[in-house]
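The values are calculated or read from the model by the stated rules, or taken from the named source; none is laboratory data. Please read all numbers here as calculations on a predicted model, not as lab measurements. Positions of Cβ are backbone-derived with ideal geometry, glycine not excepted, and every protein chain shown enters the neighbour counts. To get the accessible areas, we keep the full protein, side chains included, count just its heavy atoms, and leave off ligands, DNA and RNA. Shrake-Rupley method; radii C 1.70, N 1.55, O 1.52, S 1.80 Å.
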Amino acid sequence: MSKKIVVLPGDGIGPEVIEGAVSVLQKCASIYSLELEFEEYKIGGAAIDEFGQPLPEPVLERCLEADAVMLGAVGSPKHDNNPPHLRPEKALMGLRKGLGLFANLRPIITFDELLDASPVKREIVEGVNILIVRELTGGIYFGEPRGFKAGENGRSGYNTEIYYDYEIERIARVAFDSASLRSGKVSSVDKSNVLESSQLWKSVVEDVHRDYKAVKLEHVLIDNCAMQLLTRPKEFDVLLTNNMFGDILSDEAAMLSGSIGMLSTASLGVEKSSGRLGIYEPAHGSAPDIAGQDKANPLATIGSVALLFRYSLQREDIAQKIEAAIRQVLKDGHRTADIAGPGDKAIGCREMSDKVLERISN
Ligand code: IPM
Ligand code: MG
């Protein structure tokens, strides 16, 4: 049966990294005799330029009918001063909310070959393997009221951090389920010493934990967690966070693996009998400073293809093949500029994608 993949290259380096990812999808389809249909649409700044909006309604509809979505990156300096509803990032918010993708999985893996690319000492990062489970459709990113006001004390900009118990419960279940398949520990991040939304978070996570007796639960305050990620990252297994804390901690954690250019993500909705719709994308941004120069690292996006096979197409075997190919490329010494050490010759985005392709075979 054929599977529909919607491809959304987006802005900046998005189209470059997506090109490699699509070739990997095509190569896997040919090796494993899968029928994959691709449809490509503009979103973000590219869609603002062409259609006057970051996420045209028909694109969202096509994504809803897809089996999976591959996304590059959005954001362009040209649109930085646009009003909020005309910012490229609104496309991401619209997709996450519109497709109900409440669970964002960000695996932080260290590669032996890249230990020296991390600014953190080798002995601290060696062997780190963390899964960040970030809530993606709630919290301060979506909370109402939000906006700007002018009053007697001057202008103000405001947002609302709000969580309902059902939102906390379903993301906590994703974290505990994931931990059950890993080393069995969840560290739940909050700011319960100050924030009510975090106090509810902590208490709902404790309630859910009663269903997972075999999993160990610890609560960590966000500020302390930011510090511990640098001092004892190996002691984390599954890190459960709200939307905002997960955004920040995942960039920090990415540096344990050497570069944000290595961080793949999966954003998932509820599991249905027809499979699980997901958006697969690198966690890095559109990097306008290097866009169009063939300098970007495509490995995070190619790693996201592995996640697409794992979570939306239920092909763990293919996911592992792709991950092995990425590891092999690094072992063979190939580096893009962001992960090149002194004396390494950096290769471009396209060449890096080709190196991975060469190493994917049946
Ligand atoms: C991420 C990104 C997005 C976010 C931006 C681009 C809106 O930083 O996916 O981590 O804040 O969620
Ligand atoms: Mg981010």
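Set the Förster radius R0 to 41 Å, insert the Cβ-Cβ distance between GLN293 and GLN199 as r into 1/(1 + (r/R0)^6), and round the FRET efficiency to 0.05.
Working: r = 48 Å, r/R0 = 1.16.
Using R0 = 41 Å, I get an efficiency of 0.30.
Taken as Cα centroids, segment 66-138 and segment 206-272 sit 13 Å apart, rounded to the nearest whole angstrom. The DSSP beta bridges internal to segment 124-250 are antiparallel in roughly 30% of cases. Counting lysine pairs in segment 1-135 that sit 8 or more residues apart in sequence, or on different chains, and whose Cα atoms lie under 26 Å apart gives 13. When the residues PHE38, PHE51, PHE102 are ordered by accessible surface, computed with a 1.4 Å probe over the protein chains alone, the sequence from largest down reads PHE51, PHE38, PHE102. Accessible surface ranking for HIS334, HIS79, 1.4 angstrom probe, highest first: HIS334, HIS79. Shown are LEU136, LEU92, LEU200, whose ranking by accessible area with a 1.4 Å probe and every protein chain present, most to least, is LEU200, LEU92, LEU136. Note on LYS185: lysines with a C-alpha under 23 Å away, same-chain residues under 8 apart excluded, are LYS202, LYS213, LYS216, LYS234.
Report relative contact order for segment 289-362 in percent, whole number only (criteria: Cα-Cα under 8 Å, sequence separation at least 6). Display every interim value, and only then the final one.
On the way: 77 pairs, mean separation 27.6, N = 74.
Relative contact order comes out at 37 percent.
Taking the solvent-accessible surface of protein heavy atoms with a 1.4 Å probe, what is the per residue accessible area of segment 147-259 in Å²?
Details: 5730 Å² over 113 residues.
Result: 51 Å² per residue.
Count charges around LEU55 for me, please; just the other residues with Cβ under 14 Å from its Cβ, Lys/Arg as +1, Asp/Glu as -1. Intermediate values should be presented prior to the final figure.
Working: positive: LYS42, ARG62, ARG87, LYS90, ARG96, LYS97; negative: ASP11, ASP49, GLU50, GLU57, GLU61, GLU89.
Net of charged neighbours comes to 0.
Ligands, DNA and RNA aside, ARG210 has an accessible area near 140 Å² when probed at 1.4 Å. Hydropathy first: keep DSSP H helices in the chain averaging at least 1.0 on Kyte-Doolittle, then drop any whose Cα extent along the axis falls short of 15 Å, and list what survives. Both cut-offs are met by 299-311. Taking the accessible area of the chain, probe 1.4 Å, and keeping the other protein chains in place, the carbon and sulfur fraction comes to 51%. Taking every DSSP bridge with both residues inside the chain, close to 45 percent are antiparallel. Available extension along the chain between LYS272 and LEU181 is 30.7 nm, counting 0.36 nm per residue and deducting the alpha carbon span.
For the chain, the relative contact order comes to 21 percent (Cα pairs under 8 Å, sequence separation of at least 6).
Heavy-atom accessible surface of LYS78, to the nearest 10 Å², is about 140 Å², with a 1.4 Å probe and all protein chains retained. Looking at segment 182-289, the GluC sites (Glu not before Pro) that sit in a DSSP loop and have at most 13 other Cβ atoms within 10 Å of their own Cβ are GLU271.
Using the rule -39500 (n - 2.57) for each DSSP H run of four or more residues, divided by the residues of the chain, the 222 nm mean residue ellipticity is -11500 deg cm²/dmol. The solvent-accessible area of GLU16, taken with every protein chain present and a 1.4 Å probe, is close to 40 Å².
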